[in-house]
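Working notes, structure below.
The values are calculated or read from the model by the stated rules, or taken from the named source; none is laboratory data. Since this is a predicted model, take the numbers as computed values, not measurements. Neighbour counts are summed over all protein chains in view; Cβ atoms, including those assigned to glycine, are modelled from backbone coordinates with ideal geometry.
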4 protein chains.
Amino acid sequence: MSYRNPPPRPAQPAARPGRPRDPGKADAILSVTLSLLAEAGYDAVSMERVAARAGTSKATVYRRWPDKRALVAAAIGHQQGPPPPDVDTGSLRGDLLALCRRLAQMLGRSEGRLVVALLQGAARDPALGDLMERTAGHTGARLPDVVLRRAVARGELPATATSYAFDEVAGSALVLRALTGAPVDDPYLEHLVDAVLLPALAHGDAGPPPGPALFAGATADDDAPDTTTP
Amino acid sequence: MSYRNPPPRPAQPAARPGRPRDPGKADAILSVTLSLLAEAGYDAVSMERVAARAGTSKATVYRRWPDKRALVAAAIGHQQGPPPPDVDTGSLRGDLLALCRRLAQMLGRSEGRLVVALLQGAARDPALGDLMERTAGHTGARLPDVVLRRAVARGELPATATSYAFDEVAGSALVLRALTGAPVDDPYLEHLVDAVLLPALAHGDAGPPPGPALFAGATADDDAPDTTTP
Amino acid sequence: MSYRNPPPRPAQPAARPGRPRDPGKADAILSVTLSLLAEAGYDAVSMERVAARAGTSKATVYRRWPDKRALVAAAIGHQQGPPPPDVDTGSLRGDLLALCRRLAQMLGRSEGRLVVALLQGAARDPALGDLMERTAGHTGARLPDVVLRRAVARGELPATATSYAFDEVAGSALVLRALTGAPVDDPYLEHLVDAVLLPALAHGDAGPPPGPALFAGATADDDAPDTTTP
Amino acid sequence: MSYRNPPPRPAQPAARPGRPRDPGKADAILSVTLSLLAEAGYDAVSMERVAARAGTSKATVYRRWPDKRALVAAAIGHQQGPPPPDVDTGSLRGDLLALCRRLAQMLGRSEGRLVVALLQGAARDPALGDLMERTAGHTGARLPDVVLRRAVARGELPATATSYAFDEVAGSALVLRALTGAPVDDPYLEHLVDAVLLPALAHGDAGPPPGPALFAGATADDDAPDTTTP
DNA sequence: CCCTAAACGAGACGGTACGTCACGTCTTTGA
DNA sequence: TCAAAGACGTGACGTACCGTCTCGTTTAGGG
């Protein structure tokens, strides 16, 4: 799991010889990386600036992550807060609107700048896009199963309904509007819900979307190499 | 619109004093930029390499575009061929798939890497939004009216149908997938069309979307500085 | 004499066809060059700055002088003021002191900066040294003949005395002190006069110094190509 | 004296952390600089050429000297051989001539082109004056005491004679001639010795010159930044 | 009185060097 | 051992000149 660990990973940490790594460093480094990312974008994340602000040295950074790409990806996976409260307004339309509003707010706050920064990085370095896909935590763009099940229970959706339309569309549309600075106000959100999301969800008989979902949070049983926990 | 002599804005370009720019240079430079972009990505576009391969000097490049970002953006806007042929496969589903494929292809070519740069810039400079409009518009991000009218005529859509769902969703979803490197293959496209686009379009009674359309940049008589036509 | 004249040099200027050169330009250009030289040194003299400040174009400058070197050399020869008043204090020592004080003052004023600038240029480009030697007007470093003759008449110097010692030594010593910022005050000047100049002048039987004198003003019968009167 | 850690100034260099500078690099760089200087003059010293020929990188050069000027100045100070042998020709005149010839030779080599840069710098940075002192002092600009004493012993000079006239005059005159490119050949040197130096030295009763001696720069314990010993 | 040749301003052009910055690696000392 | 500090080679960045060139526009004077 760790990026540089010797393969077997013994059950007990096995007390490797030599001075142990300061566990606080990784945290400090990732936090600094996140700030820089949010403040001024991907290009402002320079390894020297990160090291300086984290109060450590470049070598210490490179010892943990092989390059800038990996550092940034790890930083993104690192950022998390308390899980948002459940949404339950009593109607599917209300739930969808609430979820969209929450996402829109997130994009409007500083984390939104982070999304920009990430996409910037992805534009510069395609491999970073890959990493992001595996690494990035969820952005709120998924339709929670509970919401879906409640809607089915209320008879608002057919039993065959899946969350696909929401997952794919809501995140994309809002992120892109955030990027272009287009307004994301309530009238717009209602329009999106009424004209796109509800019809699409109601259509129902969509099988599981082929391929991985956009912005799929890393699930616990993911086997992909993980650069986020050095 | 013109970057250099806004005040009187003469009908004829008014023959600025001094030696006129060699019109071939800009072309050569942009072409080289596009090749490098396609061959090896954004970071492979170095101003010196561009100048060298274009058979000119760095100064000549910088005289036209203030920095690398602007050069690359201009190069993207530069690349165009004959307007793509109308889409008419005989069915709405076929038409939608064709349009999505065309857009996906465009984004799959390395230019996709740069869409984000444009999007970012668009927040600051409306003229870039304009550029996106023209570029994306020509490549399938907009549902052509003809296609819509034919579908209505065939009875596949209600008369009240609008192009909104396609305009908003298709571009966003594909651009974002391109940016993160997620696969955009035919199964995915069919799924998108069947599970989102067709249901949403069929829903029909969507009025015009409130607020400005995505990618609807400045209008032609806007005086904003234009870095795309040096 | 003229740098670009056809060889024979006809008695009448021969009225070349075409628009004649604006005689004011050369003056303006040279003046600007001198200011820049004095203000900020040789490297601050850029052809574009000169042209801009002189209210002309680079082409007009290059039409008159082939390159920066020549322009600077010409500018130096151009600078002149009213001839300084004669020195006559009644004694050789007094005269020498007065002359030294005058020179020291000149070097301390802005013209002094010019001397620095020149030497800067000479260090960068040996050919400029050559040009300076032929071009540069006198800097006050020569011992006027009248002063010498009066001293001989008063019996303070032998009839065989020449101005050599003064010409060679006074200028060199003071210029160098100016360059290093060493103080050039009255005690120092008296010491120089008493300990070096008077003994050397009194020695007397020095023939004419071999080779051209340092800082010798261009004499009328000089055959060297002259870049100062374009 | 050290440029980087003035505050505590430990007796032993104190083993700064981090990889120590490769001591061979500075040497290689300075040697290359000197060659370029000698081969083709100041303008031929380009930082990239220096780095290339020294087998290093521009960054390594700039890490040691802040700019081209400083590099060149340091290179001059760097060039030294074994201390020149004592001068003893048997006569004062012969000794003076030998000393002048040695100085003229030094100035005639391309290093002379740069003396002016040093002189200029000396006005701003006393440490450079110091450097001049050592450099020029070793090459003949000072009249060695031995020579003076021998001349007094031979009866060629009065016991009151001092080295002042030589120190002040020889250096100045020769440096300035070198700068302007005036010829410094044997006839000229003999003339200088016979017409100026010998009479002035013979005059004798010159006390020590008031004010600081020319080229007497900062003393060794001066805290001024020192750009010559990176 | 027009014609023609040159001067003039503006600025494009190919070069070359400058000094800065970041990357990712290497090499020390000290904990 | 590893942490820390920082030197190292590479290579791009954007700026500033240099000296040359090409425009379109003036301005004399000679036919």
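Could you check C:Leu148 against (1) touching a helix residue (DSSP H, G or I) at 6+ places or on another chain (Cβ under 7 Å); (2) surrounded by 18 or more Cβ atoms within 10 Å (Cβ to Cβ) and say which number it fails?
All conditions are met except number (1).
Identify all residues within segment C:181-196 that are farther than 11 Å from C:Gly108 by Cα and touching a residue at least 40 places away in the same chain (Cβ under 8 Å); write none if there are none.
C:Asp186, C:Leu189, C:Glu190, C:Leu192, C:Val193, C:Asp194
Of all residues in segment B:162-204, which are surrounded by 24 or more Cβ atoms within 10 Å (Cβ to Cβ), more than 7 Å from every other protein chain (Cβ to nearest Cβ) and either among the aromatic types (Phe, Trp, Tyr) or within 16 Å of the chain's Cα centre (by Cα) (or both)?
If the condition is that a residue be surrounded by 24 or more Cβ atoms within 10 Å (Cβ to Cβ), more than 7 Å from every other protein chain (Cβ to nearest Cβ) and either among the aromatic types (Phe, Trp, Tyr) or within 16 Å of the chain's Cα centre (by Cα) (or both), then B:Phe166, B:Ala170, B:Gly171, B:Leu174, B:Ala178 are the ones that fit.
Mind checking whether some residue in segment B:39-50 is more than 12 Å from DNA strand F (Cβ to nearest atom), at pLDDT below 95 and of a type in the set (Gly, Ala, Ser)?
First pass over segment B:39-50, keeping only residues more than 12 Å from DNA strand F (Cβ to nearest atom): B:39, B:41.
So of that shortlist, the ones also at pLDDT below 95 come out as B:39, B:41.
Subset that is of a type in the set (Gly, Ala, Ser): B:41.
Scanning segment B:39-50 turns up at least one residue that is more than 12 Å from DNA strand F (Cβ to nearest atom), at pLDDT below 95 and of a type in the set (Gly, Ala, Ser).
Quickly run through segment B:31-72 and pick out the residues that are within 14 Å of chain A (Cβ to nearest Cβ), part of a helix (DSSP H, G or I), more than 19 Å from the chain's Cα centre (by Cα) and small (Gly, Ala, Ser).
Across segment B:31-72, the qualifying residues are B:Ala40, B:Ala44.
Condition first: within 16 Å of DNA strand E (Cβ to nearest atom), assigned to a helix (DSSP H, G or I), without any contact (Cβ under 8 Å) to a residue 60 or more places away in the chain and not aromatic (Phe, Trp, Tyr). Can you find one or more residues in segment C:73-93 that meet it? Working first, answer last.
We begin by selecting, within segment C:73-93, every residue within 16 Å of DNA strand E (Cβ to nearest atom); these are C:74.
Next cut, assigned to a helix (DSSP H, G or I) only: C:74.
Now restrict to residues that are without any contact (Cβ under 8 Å) to a residue 60 or more places away in the chain: none.
No: zero hits.
Sort out which residues of segment B:159-180 are over 15 Å from B:Leu143 (Cα atoms) and not in a loop (DSSP other than H, G, I, E, B), and write them in order of number.
Scanning segment B:159-180 gives B:Val175, B:Leu176, B:Arg177, B:Ala178, B:Leu179, B:Thr180.
Out of all the residues in segment B:4-24, is one or more on the phi > 0 side of the Ramachandran plot, away from DNA strand E (no atom under 15 Å from the Cβ) and modelled with pLDDT under 90?
Our first condition is that a residue be on the phi > 0 side of the Ramachandran plot; within segment B:4-24, this holds for B:9, B:14-15, B:18.
Still in the running and away from DNA strand E (no atom under 15 Å from the Cβ): B:9.
Next, from what is left, pick out any that are modelled with pLDDT under 90: B:9.
Scanning segment B:4-24, I find at least one residue that is on the phi > 0 side of the Ramachandran plot, away from DNA strand E (no atom under 15 Å from the Cβ) and modelled with pLDDT under 90, so the answer is yes.
Among the residues of segment C:131-143, is there at least one that is within 8 Å of chain D (Cβ to nearest Cβ) and either modelled with pLDDT under 85 or crowded, with 16+ Cβ neighbours inside 10 Å (or both)? Before you say what the answer is, go through the steps one by one.
As a first pass, look at segment C:131-143 and keep what is within 8 Å of chain D (Cβ to nearest Cβ): C:132-133.
Add one more test, that the residue is either modelled with pLDDT under 85 or crowded, with 16+ Cβ neighbours inside 10 Å (or both), and what stays is C:132-133.
Looking through segment C:131-143, at least one residue is within 8 Å of chain D (Cβ to nearest Cβ) and either modelled with pLDDT under 85 or crowded, with 16+ Cβ neighbours inside 10 Å (or both).
Suppose we keep only residues that are surrounded by fewer than 17 Cβ atoms within 10 Å (Cβ to Cβ), closer than 19 Å to A:Leu114 by Cα and free of Cβ contacts under 8 Å to residues at least 24 places away in the same chain within segment A:41-66. Which one would you say is nearest to DNA strand E (Cβ to nearest atom)?
Applying the filter and picking the extreme gives A:Ser46.
Of the conditions (1) under 24 Å from C:Leu119 (Cβ atoms); (2) at pLDDT 90 or above, D:Gly94 clears all except one; give me its number.
(1)
If I ask for residues that are among the hydroxyl-bearing types (Ser, Thr, Tyr) and closer than 21 Å to D:Pro199 by Cβ, which ones from segment C:146-187 would you list? Please lay out each step first, then the result.
The initial filter retains those residues of segment C:146-187 that are among the hydroxyl-bearing types (Ser, Thr, Tyr), namely C:160, C:162-164, C:172, C:180.
Hits for segment C:146-187 are C:Thr160, C:Thr162, C:Ser163, C:Tyr164, C:Ser172.
Would you call C:Val87 at pLDDT 90 or above and surrounded by 14 or more Cβ atoms within 10 Å (Cβ to Cβ)? Give the steps one after another, and end with the answer.
Numbers: at pLDDT 90 or above: no; surrounded by 14 or more Cβ atoms within 10 Å (Cβ to Cβ): yes.
Answer is no for this residue.
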